[in-house]
Amino acid sequence: MKTGQALASYGIPVGEVRASILLETCSASYLIVYHLAKRLPVMVTPQWLNALCAPISLDDAASCIAALVLRDIDGHEIFEIGSDVVRYRDLLSLCGNSIRGTKNVIIPVPFFAIDLSARWIELITGVPNSVGVALAEGLRTNTIPSKNRFKEVTGRDPIPLETVLFNLAEKMKSSRR
């Protein structure tokens with residue numbers, strides 16, 4: 001956001017793409033979701049996992065960026081993109097379904113410290129605590145597009161979330177062989 005504003009302040013045309021969670025095996029966000037869902041079929045989670053998100057595959061995000069290269073941008077234009085809108089807790093459960101064929105059981109509790117959550121994430125997933133803190137803080141608010149512009153830019157709908165999760169789970173299984 002600040003980079004787009006800074007570039008636009010110099011009169012450079014800027015097409016800024018914003019996404020909630022990028023889903024791919026190289027994404028720290030996806031790896032956290034994957035490992036939590038795989039290793040913990042039943043989870044006690046913070047209440048703030050009820051926040052909404054609109055995950056999108058990295059391939060879809062790249063397609064959007066590629067399409068924007070050919071588009072005339074005037075000034076600073078923001079393109080919010082995403083796929084299906086879900087709660088973070090549902091994303092964990094759907095990921096579990098893509099891995100095992102059964103959804104994770106999620107039990108929300110009213111309070112859970114971010115630092116404790118980040119330590120738990122590090123213990124279960126191996127993602128460093130500093131990354132876990134940053135990601136956990138981002139989970140406290142809704143991260144859905146106010147206007148999803150994916151189809152406007154690409155001319156198609158994004159890949160459905162459950163399809164993306166299934167394909168990524170298969171990719172993770174095959175990479176471990």
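The values are calculated or read from the model by the stated rules, or taken from the named source; none is laboratory data. What you are looking at is a predicted structure, and each value in this text was computed from that prediction instead of being measured. Positions of Cβ are backbone-derived with ideal geometry, glycine not excepted, and every protein chain shown enters the neighbour counts. Side chains are part of the model used for accessible areas, which takes the heavy atoms of the whole protein and leaves out ligands, DNA and RNA. Shrake-Rupley method; radii C 1.70, N 1.55, O 1.52, S 1.80 Å.
Just a few scattered comments:
- Qualifying residue in region 103-116 (condition: within 16 Å of the chain's Cα centre (by Cα) and without any contact (Cβ under 8 Å) to a residue 40 or more places away in the chain): no
- Filter pass, residue 74 being in a loop (DSSP other than H, G, I, E, B) and open to solvent by 50 Å² or more (accessible area, probe 1.4 Å): yes
- Filter result (in a helix (DSSP H, G or I), of a type outside the set (S, T, N, Q) and in contact with a helix residue (DSSP H, G or I) (Cβ under 6 Å, 6 or more places away or on another chain)) within region 97-118: 99, 114, 118
- Residue satisfying all of: in region 135-154; at pLDDT below 80 and open to solvent by 60 Å² or more (accessible area, probe 1.4 Å); nearest to residue 83 (Cα to Cα) among these: 140
- The residues listed here are 84, 157; of these, the one that is of a type outside the set (Gly, Ala, Ser), assigned to a loop (DSSP other than H, G, I, E, B), farther than 19 Å from residue 27 by Cβ and open to solvent by 30 Å² or more (accessible area, probe 1.4 Å) is 157.
- Checklist (1) in contact with a His (Cβ under 7 Å, 6 or more places away or on another chain); (2) assigned to a loop (DSSP other than H, G, I, E, B) applied to residue 124, failing item: (2)
- Residue 27 being small (Gly, Ala, Ser), surrounded by fewer than 20 Cβ atoms within 10 Å (Cβ to Cβ) and within 20 Å of residue 142 (Cβ to Cβ): yes
- One residue alone among 166, 112 is surrounded by fewer than 19 Cβ atoms within 10 Å (Cβ to Cβ), closer than 20 Å to residue 26 by Cα and either of a type outside the set (Val, Ile, Thr) or modelled with pLDDT of 95 or more (or both), and that residue is 166.
- Within region 32-44, at least one residue is hydroxyl-bearing (Ser, Thr, Tyr), modelled with pLDDT of 90 or more, at negative phi and not in a loop (DSSP other than H, G, I, E, B).
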